[in-house]
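Have a look at the structure below, then the notes.
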Amino acid sequence: MQHLPSINYKTIPAKKMRYVTAGDYFLLKDDVWHFRIAKMSDPRYEFLCLIHEEVEWFLTQQAGITEPMIAKFDMDHPKLDDPGTDKRAPYHKQHMMAMQVEKLLARLMGVNWKKYDSQFNDLDYPKM
């Protein structure tokens, strides 16, 4: 990657995500990275989720970890609440760093981490 690519993001209902996740990113034929964030009760939560996904995406790109590798791991482990926290995940290190950035921003924004984190359990994810 020589320069940052074009990025498109949208908040969408959780049930319209590609799989059970609150944040997702993928590349389409238009050479634009698309980020999808589940609609949540607080726009700050959506922002935090988006920042997490963007940090994770950039770090995985730098490490040569592809989006299909990430999506496959996530989809192959539907019983994991947060697949990126599993040490077997190919993007574990990048996910954990993105979570640290997310936690720092949450603190700076006055977001209660426990309330934010519990929001993920309340989303109406797609039935798999």
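The values are calculated or read from the model by the stated rules, or taken from the named source; none is laboratory data. The structure presented is a predicted model; accordingly, all values stated were derived computationally and were not measured. Glycine gets a Cβ as well: all are built from the backbone with ideal geometry, and neighbour counts include every protein chain shown. Please note that ligands, DNA and RNA were not included when accessible areas were found on the heavy atoms of the full protein model with its side chains. Shrake-Rupley method; radii C 1.70, N 1.55, O 1.52, S 1.80 Å.
Residue-wise test of (1) under 18 Å from His92 (Cα atoms); (2) without any contact (Cβ under 8 Å) to a residue 24 or more places away in the chain; (3) touching a Pro at 6+ places or on another chain (Cβ under 6 Å).
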site	(1), (2), (3)
Leu28	no, yes, no
Ile37	no, no, no
Pro43	no, yes, no
Leu50	yes, no, no
Glu53	yes, no, no
Ala63	yes, no, no
Ala71	yes, no, no
Met75	yes, no, no
Pairs, first free of Cβ contacts under 8 Å to residues at least 24 places away in the same chain in region 2-13, second open to solvent by 60 Å² or more (accessible area, probe 1.4 Å) and not hydroxyl-bearing (Ser, Thr, Tyr), C-beta under 9 Å, six or more apart: Leu4/Phe58
For the structure I just gave you, tell me whether Phe35 is within 18 Å of Met97 (Cβ to Cβ), touching an Asp or Glu at 6+ places or on another chain (Cβ under 6 Å) and either open to solvent by 50 Å² or more (accessible area, probe 1.4 Å) or of a type in the set (Phe, Trp, Tyr) (or both). yes
Tally the residues that are in a helix (DSSP H, G or I), open to solvent by 70 Å² or more (accessible area, probe 1.4 Å) and not charged (D, E, K, R), restricting the search to region 92-115. 4
Conditions (1) open to solvent by less than 80 Å² (accessible area, probe 1.4 Å); (2) outside any strand (DSSP E or B); (3) closer than 16 Å to Gln119 by Cα; (4) not aromatic (Phe, Trp, Tyr); number of the one not met by Ile51: (3)
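Among the residues of region 74-91, which ones are in contact with a helix residue (DSSP H, G or I) (Cβ under 6 Å, 6 or more places away or on another chain) and assigned to a helix (DSSP H, G or I)?
Within region 74-91, Asp74, Pro83, Gly84 meet the criteria.
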If I ask for residues that are among the hydroxyl-bearing types (Ser, Thr, Tyr), over 21 Å from Met128 (Cα atoms) and outside any helix (DSSP H, G or I), which ones from region 21-48 would you list? Ser41
Among the residues of region 8-20, which ones are open to solvent by 70 Å² or more (accessible area, probe 1.4 Å) and part of a strand (DSSP E or B)? Tyr9, Lys10
Taking region 54-66 as the region of interest, how many residues are outside any loop (DSSP other than H, G, I, E, B) and open to solvent by less than 30 Å² (accessible area, probe 1.4 Å)? 3
